[in-house]
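K.L.:
Right, I'll just put the structure down here and ask away after.
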Amino acid sequence: MSDIYSYKCPCCGGAIAFDSRSQKLKCPYCDTEFELDTLREFEEERLEEDRDPHWAEDTVEQTGEELGDLDGLTSYVCESCGGEIIADETMAASSCPYCGNPVIVRKQLEGALRPQLVIPFKLDRKEAESRLRTHLKGKHLLPRLFRSENRISEIKGVYVPFWLYDCDAYAEIRCRATRIHTWTSGDYDYTETQHYLVSRGGEIGFDKVPVDGSVRMDDKLMQSIEPFDYEQAVDFQTAYLAGYLADRYDESAQDCAPRANERVRRSTVNAFLSTIMGYATCVPEHTDIRLNRGRITYALLPVWVLNTTYKGKLYTFAMNGQTGKFVGNLPADPGRAAGIGLGVFAAVTALMMLILSFV
């Protein structure tokens, strides 16, 4: 049995992919659509019949230098055209660079590497491109040439590995708070500041706190496209990956736990502080937060990643493949910023002179 496989159309034999609009598998050649469960049963029957022995091909002896170039890379053979697919050690789904057929790597999705949940893509490539154009609108400091010259050098739909943490947090928080009262008597202004010690304590629960488990994905970018609607998550099936890229995690749940703990602690403090009202200031003086060990779920979440280059610099954008939330940094034109600043200064100066002329 081959290390990689692709879903084949039972009608015409073409490679099929998951369609985000219909939420079904669709053949791009004959336009036939398939329910995931129906096609899974067909694939299971086909794989059971595939009992031919797998013969290892002869390999050419390589020097140590040549082997060093392939460190961390694996070679696969496309079942459709026989082309060689070179991938890194985390690739779980991709496409053949020669025939374009979607392929899935079995060993990256088995045993402990098999995700428990997946949120299927709801938005397609065209929507990602449209959101980028919308993202560029109204940006007054954006260089004019960036709009006209920028070209999307790469756009890809990626199932990003995430760890989802459930836990309960018990917290005791003590704050220093003040109330300020001012009044005027005669020729004097008075200010009275009252100091208070405010305490809060209790328990709060957290469900599915997400932390991406991919080293190559920017953590801030992934956090910025949240939230995901986990009620739409379904049990994992490899069919959802057909036609998209996917990576298995290269940061374990234990490696990502400190980031999850920090998010939980910060959210706990903010939640308790939000219950303290009626004070001019409120500053935490002491916090004691204890986290009870909870449940960890391994999931694949849909993300569109767009790369564009301007003046030799790479700009990366990301879109939530479920909700459409779009984020990414943009270049600023120093000349336009200075021009806007001078314009504001001139307007303020003219207004001041107008006011002084009536004094």
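K.L.:
Under 14 Å from the Cβ of W183, count the other residues' Cβ atoms, weight Lys and Arg +1, Asp and Glu -1, and hand me the total.
P.N.:
Local charge sum for W183: -2.
K.L.:
Beyond 18 Å between alpha-carbons counts as too far, so tell me which of K26/K325; K122/K325; K126/K156 fall in that bin. Show your work: numbers first, answer last.
P.N.:
Numbers: K26/K325 26 Å; K122/K325 12 Å; K126/K156 11 Å.
Listed pairs above 18 Å: K26/K325.
K.L.:
Further, regarding this structure: Using Cα pairs under 8 angstrom and six or more residues apart, how large is the relative contact order of region 92-153, in percent? If you can, show how the numbers build up before the last one.
P.N.:
Numbers: 21 pairs, mean separation 9.7, N = 62.
Computed value for region 92-153: 16 percent relative contact order.
K.L.:
For region 193-340, rounded, prolate or oblate, judged on the Cα gyration tensor with a ≥ b ≥ c (square roots of eigenvalues), a/c < 1.5 rounded, else prolate if a/b > b/c? List each step's numbers first, then the result.
P.N.:
Details: a/c = 2.58, a/b = 1.27, b/c = 2.03.
Oblate.
K.L.:
How do 274-280, 124-130, 109-115, 245-251 rank on mean C-beta neighbours within 10 Å, highest first? Write out the running numbers ahead of the final one.
P.N.:
Working: 274-280: 11.1, 124-130: 15.4, 109-115: 13.1, 245-251: 20.9.
Answer by packing, highest mean first, reads 245-251, 124-130, 109-115, 274-280.
K.L.:
How much length, in nm to one decimal, is gained on full extension between N329 and T191, taken as 0.36 nm per residue of separation minus their Cα-Cα distance? Before the final figure, lay out each step's value.
P.N.:
On the way: separation 138, 0.36 × 138 = 49.68 nm, distance 4.50 nm.
Once the chain is fully extended between N329 and T191, it gains 45.2 nm.
Laboratory data are not the source of any read-out in this text; all were calculated from the coordinates shown. This is a predicted model, so every value here is computed, not measured. Cβ: placed from backbone, ideal geometry, glycine included. Neighbour counts: every protein chain shown.
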